[in-house]
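Structure first, then comments.
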Amino acid sequence: MTEYGRGQSLPPWHPDDPLFGDKGWDGGRDTSYPGDGDPYAENTYGGQYADPYGTGQHQVPHQQGYYGQQGQQQYQGHGQGYDDPYNTGQQPVYYPQQQGYPQQHPQAQGYDDPYNTGQQQAYYAPHPGEQGGRGPHPEADPETGWDPGPDQGEHAFFADRDEDEDDDYDDGDSKRSRRNRGETKRRSGCACLVVSVILAGGLGTAGYYGYSFYQRYLAPAPDYSGKGSGQTQVKIPDGASIADMGAQLQKSGVVKSAGAFVDAAQKEKKSSGIQPGTYSMRKRMSGAAAVKLMLDPASQNGLIISEGLRAKAIYKMIDDKLRKPEGTTEKAAKNARAAELGLPRFAKGNPEGFLFPSRYSVGEKSDPVNVLRDMVGRAKAEHTKVDLAGEAKKIGETPEEVLTIASLIQAEAQQDDEFGKVSRVIYNRLQKDMRLGFDSTINYAKGRSSLDTSVEDTRFKSPYNTYLNPGLPPGPIDNPGHQAIEAALKPTKGNWLYFVTVRPGDTRFTASKAEHDRNVAEFNREQRKQKGNGG
């Protein structure tokens, strides 16, 4: 009978089962027992255990042929039992039961029980005279009708275990349980620590990038306050943007950050007028103060080179700006190699025509050669911008010839609309093999600037005198600007061969020699009038 009702019981336990008390394959008995019997009585044994504690009052004969009787077990009476100090000497009344199946765990021979009272209850023993019967079943509660079933406490599974073994098992299990619980707690603690570290790292990383994003895109740029103090020279290179200027100012210690300067420049409408050059600035200025100072002409160590100035005039201006003796820059230009000044090969070492007109910042500690190099660099940048070489080739000229023509245009033209016409006159006369006859070339050859050109002047011997020499002069006679270079590359269409400026703002162009002579006569009268008025 199983715990869940009557039915076929499970097969006998295997000897190697950990719950089987007496292991071994030698007939199912453990050699530690002195007799032939097995306390679990699952096999047929030839003898009984010698029980040192037994009194011989109760005997239970060994079962016969367990494996041969699947349907019934046959008990022949009480076998040798244990002395029970609590045994009263009376046997319990057994009631006949329906013949059933054998118990999974039959009553085994035991040991003398020191607590035996003399009265043994053996529900598992068969009723006298009934073979193969089951032990008495406890009566049902007359009040509730509940049948408690067999006492699990007396089941062979519980009864045959040694107390010491139970204690050891419990102690070991308890220790393992405590150890496992301790390990679980430690593992849980480590896991919590790892998770905490990961969360802290994630929050820290997110905070760092969040702060960086705020500082870069949302927070105002770091800035000083006030107008600053001290003095320093800051050079802004050509083509520098507002951001580039801010970076240079920050590098020089003028502003705290480039962003502060950019922000201030964006708020100032006139900031687009800030030009490259050298500026006298102060240390630790606010962005707004730096913008304001750079817009102040007083802070600009400017050297303004106007269109049409000759190289000698520029040399003198540099000397004055640097407070150098007159002739210092001219001497430096003559002694400097073309590579030092950055001149192209076709310049033949002559800076004339390559000192581009513009505004330059020159500090007191600047070197003359460095200033000239900046001017040549600005000219080369302009030549690249207009594609001087490519455009000159289109019109059948060389870059040097175009620059020379541009210098003539720059010297002769007065008004904007005159540049293209003067250029056309030059090309038309060159095509007809006519001498140019420009007064500006005589002035350059003689190193002067005059509107009066005498017949004697026209006979002045110089390769630059276009009254004597056909074609173009050997090189530029001044330093032309952008407008003159453009006019040299793209002359205005026309058939003019002559022009003369009668008075300021009144330049007359014509293709007729007779008309030109009349215009020249009027010009002379105008000049005599001015001299008569003390002009």
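The values are calculated or read from the model by the stated rules, or taken from the named source; none is laboratory data. For clarity, every value in this text was computed on a predicted model and none was experimentally measured. Note that each Cβ is placed from the backbone with ideal geometry, even for glycine, and that neighbours are counted across all protein chains shown.
Just give me the residues in the range 448-506 being under 60 Å from the mean Cα position of the chain (by Cα) and among the charged types (D, E, K, R), in sequence order.
Matches in the range 448-506: 478, 486, 490, 493.
Only one residue in 281, 317 is farther than 30 Å from residue 261 by Cα, of a type outside the set (Asp, Glu) and touching a strand residue (DSSP E or B) at 6+ places or on another chain (Cβ under 7 Å). Which one?
Within the list 281, 317, the selection yields 317.
Hey, any hits in the range 389-400 for a residue that's under 46 Å from the mean Cα position of the chain (by Cα) and in a loop (DSSP other than H, G, I, E, B)?
Within the range 389-400 (the criterion being under 46 Å from the mean Cα position of the chain (by Cα) and in a loop (DSSP other than H, G, I, E, B)), the answer is no, since none of the residues qualifies.
Limited to the range 488-507, what total is found for residues that are out of contact with any Lys or Arg (no Cβ under 9 Å at 6 or more places or on another chain) and either assigned by TED's automatic domain parsing to the domain that holds residue 405 or free of Cβ contacts under 8 Å to residues at least 60 places away in the same chain (or both)?
Total meeting the criteria: 4.
Report, by residue number, each residue of the range 439-461 that is farther than 20 Å from residue 347 by Cβ and of a type in the set (Ser, Thr, Tyr).
440, 449, 450, 453, 454, 458
Yes or no: residue 524 modelled with pLDDT under 95 and in a helix (DSSP H, G or I)?
Working: modelled with pLDDT under 95: yes; in a helix (DSSP H, G or I): yes.
Taking the combined requirement at face value, the residue satisfies it.
Return a yes/no flag: does the range 445-455 have any residue that is part of a helix (DSSP H, G or I) and crowded, with 19+ Cβ neighbours inside 10 Å.
yes
Has the range 274-282 got at least one residue that is small (Gly, Ala, Ser), without any contact (Cβ under 8 Å) to a residue 60 or more places away in the chain, closer than 29 Å to residue 374 by Cα and not assigned by TED's automatic domain parsing to the domain that holds residue 357?
no
Do we find a residue being of a type outside the set (Gly, Ala, Ser), under 20 Å from residue 356 (Cβ atoms) and at pLDDT 95 or above anywhere in the range 453-469?
no
Going by the conditions given, is residue 423 crowded, with 21+ Cβ neighbours inside 10 Å, of a type in the set (S, T, N, Q) and within 30 Å of residue 273 (Cβ to Cβ)?
So residue 423 fails the test.
Looking at 382, 340, 364, which one is among the acidic types (Asp, Glu) and closer than 29 Å to residue 428 by Cβ?
None of the other options fit; the residue is 382.
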